[in-house]
1. Got a sec? What order do 24, 88 fall in by accessible area at 1.4 Å, biggest, i.e. largest, first?
2. So what are the chain's ellipsoid semi-axes, whole angstrom, largest first, if each one is the square root of 5 times an eigenvalue of the alpha-carbon gyration tensor?
3. Keeping every protein chain in place, order 96, 33 by accessible area at 1.4 Å, biggest value first, i.e. largest first.
4. Hey, can you grab everything whose amide H is under 5 Å from the amide H of residue 77? Only 5+ residues off in sequence or another chain; H modelled, so Pro and N-termini drop out.
5. Across the stretch 87-94, in residue order, what do the Karplus-derived ³J(HN,Hα) couplings come to in whole Hz, using 6.51 cos²θ - 1.76 cosθ + 1.60 with θ = phi - 60° and x for Gly and Pro?
6. Please name whichever of 129, 119, 65 sits farthest to the positive end of the charge dipole of the chain, dipole taken about the Cα centre and charges placed at Cβ: Lys and Arg +1, Asp and Glu -1.
7. Can you tell me the dipole magnitude for the chain around its Cα centre, using point charges on the Cβ only (Lys, Arg +1; Asp, Glu -1), in Debye to the nearest 20?
8. Could you please put 107, 171, 177 in sequence from largest to smallest accessible area, using a 1.4 Å probe?
Amino acid sequence: MKKLNSYLFHKRAQKYLSETPRSHRFVSYDKAKNILLLFESDLQEKNVNIRKIITQLQADGKKVSAWGFINKKEVETAILPEFRILHHKQTDFFRKPIQSFINELEDQEFDLMIDLSLQPIVTLEYIAMYAKATMKTGVHKTDLPIFDFVLDTEGIKATFQDAASTENQIDETYLFDQIIFYLKSIQTKD
């Protein structure tokens, strides 16, 4: 079923991306005021790392909306405008978010979208595709041109495996730190 959902997403994404022009440009960390975070929720729905990231961004004066997905039929976390966790009942049979969520997403505009999911999650891929963001960033998970700035973590994973260290692991915090490091380091003349 997972392969069918992935295949269908790729077909829908190719069509959507070819028919929907998008103006995108590099957005430095300082210029990003409105940020969309995408994440895979932990099963307990605590999401400690994500909540720390949101607090850090808000402390820097950023407006943050966080959308997550959990592989469960029900969630206990309340759906709020700035923090929500989607689950199976809020997606169709092929894991595409229901239309009301897509409409809500398309009604908002973001300076920066950061996908902190480490593996392909079809629901989050749909959200990343439909989100109206000037710049979209995340981990290399697909060959589709959804992201403008992509981190390739395969080399990093190999380094961590060679070191056999339990201290060094790729998680949302590590990914976030890397993305922010590059967004703060790259200088543009606009």
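The values are calculated or read from the model by the stated rules, or taken from the named source; none is laboratory data. This is a predicted model, so every value here is computed, not measured. Here the Cβ is made from the backbone with ideal geometry for all residues, glycine too, and neighbour counts use every protein chain on show. Keep in mind that these areas ignore ligands, DNA and RNA; they rest on the heavy atoms of the full protein, side chains included. Shrake-Rupley method; radii C 1.70, N 1.55, O 1.52, S 1.80 Å.
1. On the way: 24 105, 88 40 Å².
Highest to lowest solvent-accessible surface, that is 24, 88.
2. 23, 21, 19
3. Highest to lowest solvent-accessible surface, that is 33, 96.
4. none
5. For the stretch 87-94, the Karplus-derived couplings read 9, 4, 6, 9, 10, 7, 4, 9 Hz, x marking Gly and Pro.
6. My answer, from the dipole projection, is 129.
7. Working: 26 positive and 27 negative charges, 96 e Å.
Once rounded to the nearest 20, the dipole reads 460 debye.
8. On the way: 107 130, 171 35, 177 75 Å².
Solvent-accessible surface, decreasing: 107, 177, 171.
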